[in-house]
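**Student:** Have a look at this one.
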Amino acid sequence: TNINMTFDDVNSTDWYGPAIQVLYDNGYIAGTSATTFSPKKEITREEAAVLMHRLMSRNGGVGEFENREMEDLNAVSGFAKDSAQQLYNMRIINGFGKEGVFAPKEKLTRYQMAAILDNTLKHMKFKN
(Lines give C-alpha, C1' and ligand atoms only; values in the text may rest on other atoms or scores of the structure.)
Protein backbone atom coordinates (compact mmCIF):
# COMPACT_ATOMS: atom_id res chain seq x y z
CA THR A 1 0.00 0.00 0.00
CA ASN A 2 1.16 3.50 -0.79
CA ILE A 3 0.58 5.86 2.13
CA ASN A 4 0.73 9.63 1.64
CA MET A 5 3.44 10.62 4.11
CA THR A 6 3.51 14.02 5.82
CA PHE A 7 7.22 14.08 6.64
CA ASP A 8 10.03 14.15 4.08
CA ASP A 9 12.30 12.07 6.32
CA VAL A 10 9.83 9.21 6.87
CA ASN A 11 9.00 6.80 4.05
CA SER A 12 5.98 4.53 3.86
CA THR A 13 8.42 1.63 3.38
CA ASP A 14 10.27 2.35 6.66
CA TRP A 15 9.21 -0.20 9.29
CA TYR A 16 8.02 2.69 11.49
CA GLY A 17 6.64 4.86 8.67
CA PRO A 18 2.97 3.85 8.70
CA ALA A 19 2.83 4.04 12.52
CA ILE A 20 4.25 7.57 12.52
CA GLN A 21 1.72 8.67 9.93
CA VAL A 22 -1.24 7.17 11.85
CA LEU A 23 -0.09 8.76 15.12
CA TYR A 24 0.35 12.11 13.37
CA ASP A 25 -3.02 11.89 11.62
CA ASN A 26 -4.70 11.23 14.98
CA GLY A 27 -2.94 14.09 16.78
CA TYR A 28 -0.70 12.04 19.09
CA ILE A 29 2.61 13.24 17.66
CA ALA A 30 3.99 16.23 15.79
CA GLY A 31 7.05 16.76 13.67
CA THR A 32 10.20 18.63 14.54
CA SER A 33 9.13 20.97 11.73
CA ALA A 34 6.27 21.09 9.25
CA THR A 35 8.13 18.71 6.91
CA THR A 36 10.42 16.67 9.19
CA PHE A 37 9.88 14.16 11.97
CA SER A 38 13.55 13.38 12.81
CA PRO A 39 12.86 9.68 13.47
CA LYS A 40 16.36 8.92 14.72
CA LYS A 41 16.53 11.83 17.15
CA GLU A 42 16.51 10.88 20.82
CA ILE A 43 13.47 11.91 22.83
CA THR A 44 13.71 14.20 25.86
CA ARG A 45 11.77 13.99 29.11
CA GLU A 46 9.70 17.05 28.14
CA GLU A 47 8.85 15.56 24.73
CA ALA A 48 7.78 12.30 26.40
CA ALA A 49 5.57 14.30 28.75
CA VAL A 50 3.82 15.90 25.77
CA LEU A 51 3.30 12.51 24.09
CA MET A 52 1.85 10.90 27.20
CA HIS A 53 -0.32 13.94 27.94
CA ARG A 54 -1.76 13.77 24.41
CA LEU A 55 -2.41 10.05 24.84
CA MET A 56 -4.32 10.66 28.07
CA SER A 57 -6.18 13.73 26.79
CA ARG A 58 -7.49 11.84 23.77
CA ASN A 59 -8.50 8.82 25.85
CA GLY A 60 -10.45 10.01 28.86
CA GLY A 61 -8.53 12.96 30.25
CA VAL A 62 -5.78 13.46 32.77
CA GLY A 63 -7.85 13.14 35.94
CA GLU A 64 -7.02 14.28 39.44
CA PHE A 65 -3.54 15.05 40.70
CA GLU A 66 -1.76 16.72 43.58
CA ASN A 67 0.23 19.90 43.03
CA ARG A 68 3.96 19.18 43.38
CA GLU A 69 6.71 21.77 43.18
CA MET A 70 9.07 21.41 40.24
CA GLU A 71 12.32 23.33 40.85
CA ASP A 72 13.25 23.56 37.19
CA LEU A 73 9.86 24.37 35.65
CA ASN A 74 11.39 27.46 34.01
CA ALA A 75 13.77 25.18 32.07
CA VAL A 76 10.83 23.38 30.41
CA SER A 77 10.08 24.57 26.87
CA GLY A 78 6.83 26.47 26.41
CA PHE A 79 5.24 23.73 24.28
CA ALA A 80 5.79 21.19 27.07
CA LYS A 81 5.28 23.22 30.26
CA ASP A 82 1.67 22.21 31.03
CA SER A 83 2.23 18.57 30.06
CA ALA A 84 5.42 18.27 32.11
CA GLN A 85 3.84 19.84 35.19
CA GLN A 86 0.72 17.66 34.99
CA LEU A 87 2.61 14.39 34.44
CA TYR A 88 5.02 15.29 37.23
CA ASN A 89 2.11 16.11 39.53
CA MET A 90 0.50 12.78 38.66
CA ARG A 91 3.79 10.95 39.34
CA ILE A 92 3.82 9.53 35.84
CA ILE A 93 7.24 11.13 35.31
CA ASN A 94 9.13 11.47 38.57
CA GLY A 95 12.08 13.56 39.67
CA PHE A 96 15.43 13.13 37.96
CA GLY A 97 18.13 12.46 40.51
CA LYS A 98 16.20 14.14 43.30
CA GLU A 99 12.63 15.10 44.10
CA GLY A 100 11.58 18.36 42.46
CA VAL A 101 13.98 18.19 39.50
CA PHE A 102 12.31 17.35 36.19
CA ALA A 103 15.38 17.72 33.94
CA PRO A 104 13.32 18.44 30.81
CA LYS A 105 16.19 18.27 28.31
CA GLU A 106 17.59 14.94 29.54
CA LYS A 107 17.36 12.10 27.04
CA LEU A 108 15.35 9.01 27.93
CA THR A 109 16.59 5.46 27.89
CA ARG A 110 14.31 2.74 26.59
CA TYR A 111 13.60 1.50 30.11
CA GLN A 112 12.71 5.02 31.30
CA MET A 113 10.29 5.45 28.40
CA ALA A 114 8.80 2.02 29.15
CA ALA A 115 8.26 3.03 32.79
CA ILE A 116 6.62 6.32 31.75
CA LEU A 117 4.30 4.50 29.33
CA ASP A 118 3.49 1.91 32.01
CA ASN A 119 2.67 4.66 34.52
CA THR A 120 0.50 6.38 31.92
CA LEU A 121 -1.43 3.21 31.11
CA LYS A 122 -1.93 2.45 34.81
CA HIS A 123 -3.32 5.94 35.30
CA MET A 124 -5.63 5.44 32.34
CA LYS A 125 -6.72 2.09 33.82
CA PHE A 126 -5.83 0.17 30.63
CA LYS A 127 -3.93 -2.22 32.83
CA ASN A 128 -3.61 -2.96 36.53
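**Student:** Send over the Kirkwood Rh of the chain, from the inverse of the averaged 1/r over different Cα pairs, rounded to one decimal Å.
**Tutor:** Answer for the chain: a Kirkwood hydrodynamic radius of 15.5 Å.
**Student:** What is the percent carbon and sulfur in the accessible area of the chain, measuring with a 1.4 Å probe over the protein chains and ignoring ligands?
**Tutor:** 51 percent
**Student:** Something else now. How many Å² of accessible area per residue for the chain, probe 1.4 Å?
**Tutor:** Value for the chain: 61 Å² per residue.
**Student:** A further question follows. Evaluate the relative contact order of the stretch 20-128 (contact order divided by residue number), counting alpha-carbon pairs under 8 angstrom at least 6 apart; express in whole percent.
**Tutor:** 29 percent
**Student:** Counting only Cα, what are the radius of gyration and maximum Cα-Cα distance Dmax of the stretch 48-102, in Å?
**Tutor:** Here Rg and the maximum Cα pair distance are 10.7, 31 Å.
The values are calculated or read from the model by the stated rules, or taken from the named source; none is laboratory data. Since the structure is predicted, the reported quantities are computational estimates derived from the model, not experimental observations. In case anyone asks, the SASA skips ligands and DNA or RNA and just uses the protein heavy atoms, side chains included. Shrake-Rupley method; radii C 1.70, N 1.55, O 1.52, S 1.80 Å.
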